[in-house]
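Any read-out appearing in this document is the output of simple, stated calculations on the displayed coordinates, not a laboratory observation. In this text, all values refer to a predicted model and were calculated from it rather than measured experimentally. Glycine gets a Cβ as well: all are built from the backbone with ideal geometry, and neighbour counts include every protein chain shown.
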Amino acid sequence: MLLDNNVWPERAIRQLGEILSAIHGNPIDGFGYLQPDGRGWPITFESIMTDLVPRSAQVLDAARQWRVDDRLVATGLDHLAGHTDHYQYTDSRLLHGDFSLDHILIDGAEGREHVSGIIDMQGCSGGHPASDIAYWLAISHERIPIAALLASYPGGSELVERDKTLITLMMLRRALWMLMVDRDRDQSGLVGTHVRALEDALAAL
């Protein structure tokens, strides 16, 4: 079964950080979505974190469709372009890319539940481990706090503290990306969530 709003077996939750750490323990040659041979691409982490900057017109067009203040988008893009000192990372690691409660399977009788599988890895990539943590904060933190995830992730708390600004920038980048994605899909249901995430990230920087 899937972990959901009503089923939060503590024993299974305690495994999540250990599993995520094991995923991140795999080095990847290159960055970005994995190719059929398991490699990333000969690009830099910085190029990923700044990829929206040259697409600013597209981001603004999407934001205007959703009636999002241009100033939020412009400020967000300025932050992504202005924090390149946080992007000098070369130790590419395997990322799930969509590590959230919707993609975690659990099994076992009550009191003995355990994680039996992780699904939906078609978006796996090479990158910075903080990316999966930023995604958890954006998608699953309200249901299971990040502290519960990191409790069994070796060095996880230190990683979050050390890369706090980077994680915020990743959440900012995702919010801007999702404005474009939802425009292309003609889906408005989560636009408010993306705008709040953008505002929260800007307030934290």
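Key figures
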quantity	calculated
Spatial separation of Cα centroids for segment 23-76 and segment 114-185, in angstrom	14
Estimated 222 nm signal from helices in the chain, with DSSP H stretches of n ≥ 4 weighted -39500 (n - 2.57), rounded to 500	-15000 deg cm²/dmol
ASP200-ASP120 pseudo-label distance in nm [points 7 Å out on the Cα-to-Cβ vector]	1.8
Footprinting exposure proxy for SER140, SER100 (fewest neighbouring C-beta atoms within 10 Å first)	SER100, SER140
Helix 56-65 axis, angle to the chain major axis (alpha carbon atoms, nearest 10°)	80
Order by protection proxy (mean Cβ within 10 Å, highest first), peptides 158-166, 75-83, 131-139	131-139, 75-83, 158-166
Cβ-based exposure ranking for MET178, MET170, MET121, in which fewest neighbours within 10 Å come first	MET121, MET178, MET170
Rounded to 10°, Cα long-axis angle of helix 130-139 versus longest principal axis of the chain	90
Length added when fully stretched, SER157-ARG39, from 0.36 nm per residue minus Cα-Cα	39.6 nm
Low-density loop positions, GluC sites (Glu not before Pro), segment 53-153 - DSSP coil, at most 13 other Cβ in 10 Å	GLU110, GLU142
Per-bin percent of Cα-Cα distances, segment 10-204 [5 Å]	1, 7, 15, 19, 19, 17, 12, 6, 2, 1, 0
Label point distance in nm, ALA57-ASP102, each placed 7 Å from Cα along Cα→Cβ	3.2
Angle between the chain longest axis and helix 164-185 axis [Cα atoms, degrees, rounded to 10]	70
Label point distance in nm, GLU10-TRP66, each placed 7 Å from Cα along Cα→Cβ	3.8
